[in-house]
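Bear in mind that the values in this text are calculations on the coordinates, not laboratory data. Everything quoted here is computed from the prediction, not taken from an experiment. Backbone-built Cβ (ideal geometry, glycine too); neighbour counts: all protein chains shown.
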Amino acid sequence: MRAADLLVRNATLPDGRAGIDVLVLGGRIADVGMALQPLDGVPVHDAQGWLLAPPFVDAHFHMDATLSYGLPRVNASGTLLEGIALWGELKPHLTQEALVARALDYCDWAVARGLLAIRSHVDVCDDRLLAVEALLHVKQRVKPYLDLQLVAFPQDGVLRAPHAMANLERALDLGVDVVGGIPHFERTMEQGAESVRLLCELAARRGLPVDMHCDESDDPLSRHIETLAFHTQRLGLQGRVTGSHLTSMHSMDNYYASKLIPLIGEAGVHVVANPLINITLQGRHDTYPRRRGMTRVPELMAAGVNVAFGHDCVMDPWYSLGSADMLEVASMGLHVAQMTSQAGMRSCFDAVTVNAACVLGLDSYGLEPGCRGDFVLLQARSPVEAIRLRAQRLLVVRAGVVLATAAPSVSVVRLPGREGAIDFTRPQAAP
């Protein structure tokens, strides 16, 4: 897919600037301003004042499992552990063809939703590495229009599962991008801590990032994030390490959390919460009051930690819902974290755009001159309104090329004395 030229006129940007034009030349943003001069031969799209945002980014997903709901059976309890067991039942029956087909279908969904970058964990505990090879193939197939970053993920524990460490290294040799882990799933706390050390040292030797499923538990004594932060600093990996989930933090006492959060910040560890899945799978042993299950997003953000949101699962053994809509993820995060101030709601929009792009280390991401000409036009006037409405994706653009379009969402009512189109964007959200 070749880069292209495009001029988008009269857009509103996430920072509130309105009446803005964005000029893309040769696939890169050449200029951003008001009343830019049109150039001969450059197509023009009138944004009509709608919100032009950088593309959505999913910082945590499992593409090897996506769209497999009901195979080989449905998760009857809806729990995390049954989902893991169900995935174990499914693995022997996986084929590369089916894995590739489901992943490509999901990538189509993603593009239509303006989601143009995904970090996907891929299970390496199958000695055949079928899923690894399938997603590496998909990564190349979708490269022209979607950034797919892969994490070597030892679902059954890198020390607990036979051959897991060797398989993980094989996956890295094949071209997987990131070192993953799941320390809370090892057999003991000590082995969990040891897995963090080994995997961080492996990443340091290879010059790779780290992204660990960490403390995805209701157990307040699951504290592997502390170990991850320690080894991040010890090995000089600041800015290259991500702790995903961290749900045990919702059960920790406030005194310990007050020590832990600054440690995460000092280590430069990114955090990814997965609102839809965290609140679905956690708190299952509670009666009432029932814990929310998501990590301490506003407190982490207030401490300067880069926090992003991930979708985690879509129609797989762990979650029967989902549609690649990162605005749904942002909305759930906003509600669960009670981030209903104007700044808090905008932060949740950032968690599925700029913050997530920071986790992935995406180059040339944004709406500034020199950035790649990637963006999504949303039928909303502000980030808050986009979340409220799950705004229609009117235009999805990659390097100046239009990948997807949708007609504006309009409802027409014919009621006694009340006829006409309904405009859900009025009244506008506060700036």
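Assorted remarks:
- The distance separating the Cα centre of the range 183-255 from that of the range 2-58 comes to 41 Å.
- Lys/Arg +1, Asp/Glu -1 at C-beta; the range 56-360 dipole; positive extreme among His285, His184, Thr295: Thr295
- The Cα center of the range 67-114 and the Cα center of the range 358-386 differ in position by 29 Å.
- Distance between modelled label sites at Glu190 and Leu39, nm, 7 Å Cα→Cβ extension: 6.5
- Degrees between helix 96-112 axis and first principal axis of the chain (Cα, 0 to 90, nearest 10): 40
- With a simple spin-label model that places each label point 7 Å from the Cα along the Cα-to-Cβ direction, the separation between Ser77 and Leu104 comes to 3.7 nm.
- Cα gyration tensor shape of the chain, rounded if a/c is under 1.5, else prolate or oblate by comparing a/b with b/c: prolate
- Cβ-placed point charges (K, R +1; D, E -1), dipole of the chain about Cα centre in debye, nearest 20: 660
- Listed residue (Leu67, Cys313, Gly344) projecting farthest to the positive dipole end of the chain, Cβ model: Gly344
- Shape category assigned to the range 321-428 from the gyration tensor of Cα positions, a/c cut at 1.5: oblate
- Angle of helix 130-142 to the longest C-alpha principal axis of the chain, folded into 0 to 90 degrees and rounded to 10: 20°.
- Cα-based shape type of the range 135-206, given that a ≥ b ≥ c are square roots of the gyration tensor eigenvalues and the cut on a/c is 1.5: prolate
- Most fluctuating residue given options Arg296, Arg187, Arg393, as computed from a GNM of the chain linking Cα atoms under 10 Å: Arg187
- Extension gain from Arg414 to Asp46, taking 0.36 nm per residue of separation minus the Cα-Cα distance: 129.5 nm
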